[in-house]
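Here the structure is laid out as structure tokens; the discussion comes afterwards.
Every read-out reported here was derived from the displayed coordinates using simple, explicitly stated rules and does not represent laboratory data. What you see is a predicted model; the values in this text were computed from it and never measured. Cβ: placed from backbone, ideal geometry, glycine included. Neighbour counts: every protein chain shown.
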């Protein structure tokens, strides 16, 4: 690493000393330095992309794609075609902050919250994340199960596939290898766009839906649930933990911020396009009783699409669900492992061997194993878990966003890379919007439960 890069990597007085993980990242940093020194722009971009695309496409997980398809099946394209890109624009603002904090400080979200704001907030964030991740991982295994059911394969195969992928990707002993494997899998999220093409949508209807109309009808509670679940399909706590920690694990520095933004922007654009693809595919069921489809009892959406639009559409959608669930399992398990290692002060890097980072690897495999076992329990409320995973993420998200904003504004940590005023304004609006939507749904549901308001 050059002297200038070293200065950029540690811009702050009293920066923490190098750790074993920092030393292990030096090989990847040397490749980045060589590409930058020889002005090899495309190679530099190739070396630095990864965390942003994975965070965004990982968020296009099984429950999210089912949620988009359900929106299309029940309400059509109106409102959602423009709403999904807006949500991913919000996600970009949040994830750019996560990337920037990780690149400047070389530390993960959980570690910094613990150091700057104390054990209460540090452990609250870790427990919050672990609870949300466990429930979401159950939903990911359900999504794989739904996809496999189309090909007449059962829950046992879904469990074996998910766990085998986790163990396989951990076997390389380097962050770079893990990232490239998962990145290769994530690109198959484009299968949802293929499914959208196969249902042969009316192009005019897609274009006309850009006007945010018609607005979804139904009860207030249904509308609030719709907003909360769609928000939870695009911005979640695990993304914040993952991208900041992955950016640090990748060895990114302030010199890499521009490419980190490219990486995050490309991920947001791809995720929005593929999410709209799932929405369009689901809209093919609108005139075929789409509002009554329950996608988790058997083959669900893939089978319904096959009946309406042909076997190819059903098969592609099923494969997309398998991919979406698999990539989410890998990234969400990783975010849990990062949080566990950061909060107890143990080694937490894919660049460290299992012997030297036992907690990190055990948390990675363990949380996936616990989630996998749930879908094998006879009579487990899998439908309820899967449908409410995104809503739970929305309800718990504001705390993570507020702490992230505080870190991004901490000039003792960030120096000249702290948030600008415009970023703070947008960030506060996002926190308020997410908080209001989540709180409104929770309050309305509670009032219905005690029969203060009608459904």
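Here residue 203 and residue 406 are evaluated by their C-beta separation; at R0 = 35 Å the FRET efficiency comes out at 0.15.
Fewest-first ordering of 42, 178, 123 by other beta carbons within 10 Å of each residue's beta carbon gives 42, 123, 178. Cβ crowding within 10 Å, taken as a proxy for footprinting-reagent exposure, orders 391, 365 from fewest neighbours to most as 365, 391.
Cβ crowding within 10 Å ranks 106, 348, 33 as 33, 106, 348, fewest other Cβ atoms first. Hey, how many Å between the Cα centroid of region 127-191 and the Cα centroid of region 402-426? The distance from the Cα centre of region 127-191 to that of region 402-426 comes to 33 Å.
In this structure, residue 223 and residue 123 have a Cβ-Cβ separation that, at R0 = 35 Å, corresponds to a calculated FRET efficiency of about 0.50. The calculated FRET efficiency for the pair residue 312 and residue 34, based on their C-beta separation and a Förster distance of 41 Å, comes to about 0.35. Only helices enter the 222 nm calculation for the chain: every DSSP H run of n ≥ 4 contributes -39,500 (n - 2.57), and dividing by all residues gives -24500 deg cm²/dmol, rounded to 500.
Protection proxy ranking for 82-94, 326-338, 139-151, using the average of other Cβ atoms within 10 Å per residue and placing the highest first: 326-338, 139-151, 82-94.
Computed on region 48-449, with alpha-carbon pairs under 8 angstrom and 6+ residues apart, the relative contact order is 37 percent.
Distance between the modelled labels on residue 177 and residue 346, one decimal in nanometres: 2.2 nm (7 Å Cα→Cβ projection).
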